[in-house]
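Contents: one structure, followed by commentary.
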Amino acid sequence: MSEIQAVVGAEAQELGDGRTLSNRELLRALLRKPQFNVCCLLLLLFFAMAAVPTLFTSVDPRFCELTKSRQGRSPGHLFGYDIQGCDYFANVVYGARPSVLVSICASFGVFVLAGSLGLLAGYFPGFVDALISRTADVLFSVPGIVVLIVILNSVPNRSIWIIVGVILLIGWPGGMRLMRATVFSVRNREYVLAARSIGVPPVRILRRHVFPNAMAPLLAMTTLGIGGMVGLEAALTFLGVGLQPPSISWGSQFGVAASYRDTPHLFIWPALFISTMTISFMIIGDSIRDALDPKLLR
């Protein structure tokens, strides 16, 4: 028994060393891509804007002068004014926080929830797999956007965390299925079978052997989906079931701009910021997916 434990321990050590080396190689491969570096810098700018908006503007976004309603740009007011005469640049800067929080928190939550459920469904075939898979099938059978609208429309006070929670409720089945399929291909590998043979607890096997070797596809999928979360938050607010006033977000600015088509700057600036952040996340997701593709690593 001690010899088997030594072999498994050595194999786990080799696996751990290889995983560290692979991470370094992955980082080097990503940093060699100019588009990846540019998108990372743009996202850092958006994150800083969401975390510390006062670094970008000293103007109070709720200080308004109705006499300047919908006016264009002027000295000290690069984006002009909104319908209430508030500085539009300050509104766009402060509107970054809800979009960033919803996209990052919802994506991270979906990754954790889908990864955990997919791990359990793939490693424990039978009742656990059937229960999780059938629940996912039920959620797949209804249109997600319709469920979001119905649930959020019934909530009187919608906050960022309520929106994130509802997205988590219906957003995990796709990632769970991907994780489940990957776990099926990992659970019968030699190092997992060796760990089982010496009595390693299932929780430790899942944590140390199965999850680290099955998470790459889900990680790439999640990174690609963050951009979609940005657009989803904007769409929900535009449809009137997202954040409520006095919250400031890019989606609420879209909703206002739809009623004032003769004032293009109300639409252009939030659209530009949403598009830039969405495309940046998608390019980073594409870069990670390509770097993790075994066919491209050969």
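Distance between the C-alpha centres of region 65-132 and region 180-223: 32 Å, rounded to the whole angstrom. Label sites at F63 and C40, each approximated as a point 7 angstrom past Cα along Cα to Cβ, lie 3.8 nm apart.
With protein chains left intact and a 1.4 Å probe, residues in the chain average 53 Å² of accessible area per residue.
Express the C-alpha Rg of region 80-292 as a ratio against the empirical globular expectation 2.2 N^0.38 Å, rounded to two decimals.
Details: Rg = 20.6 Å, N = 213, 2.2 N^0.38 = 16.9 Å.
Its radius of gyration relative to the 2.2 N^0.38 Å reference: 1.22.
Applying a 4.7 Å cutoff between beta carbons, the unpaired cysteines of the chain are C39, C40, C105.
The 3J(HN,Hα) values that the Karplus relation (6.51, -1.76, 1.60; θ = phi - 60°) gives for region 115-123 are, in residue order, x, 5, 5, x, 5, 5, 5, x, 8 Hz. Gly and Pro appear as x.
Any chance you could run the full-extension gain for R134 through T54? It's 0.36 nm times the residue separation minus the Cα-Cα distance, nm to one decimal.
On the way: separation 80, 0.36 × 80 = 28.80 nm, distance 4.80 nm.
Fully extending the segment from R134 to T54 adds 24.0 nm.
Surface composition of region 80-292: carbon and sulfur make up 69 percent of the accessible area, probe 1.4 Å. Heavy-atom accessible surface of R207, to the nearest 10 Å², is about 150 Å², with a 1.4 Å probe and all protein chains retained. Applied to region 263-274, the Karplus parametrisation 6.51 cos²θ - 1.76 cosθ + 1.60 on θ = phi - 60° returns per-residue 3J(HN,Hα) values of 10, x, 5, 5, 9, 4, 5, x, 4, 5, 5, 4 Hz, with x for Gly and Pro. Each residue of region 94-111 was assigned a 3J(HN,Hα) from its phi angle through the Karplus curve 6.51 cos²θ - 1.76 cosθ + 1.60 (θ = phi - 60°); the sequence is 6, x, 5, 4, x, 5, 5, 5, 5, 5, 6, 5, 5, 5, 5, x, 5, 4 Hz, with glycine and proline shown as x.
The values are calculated or read from the model by the stated rules, or taken from the named source; none is laboratory data. What you see is a predicted model, and the numbers here were worked out from it, not measured in a lab. With ideal geometry, Cβ positions are generated from the backbone for all residues, glycine too; neighbour counts draw on all protein chains shown. The accessibility values were calculated without ligands, DNA or RNA, using every heavy atom of the protein model including side chains. Shrake-Rupley method; radii C 1.70, N 1.55, O 1.52, S 1.80 Å.
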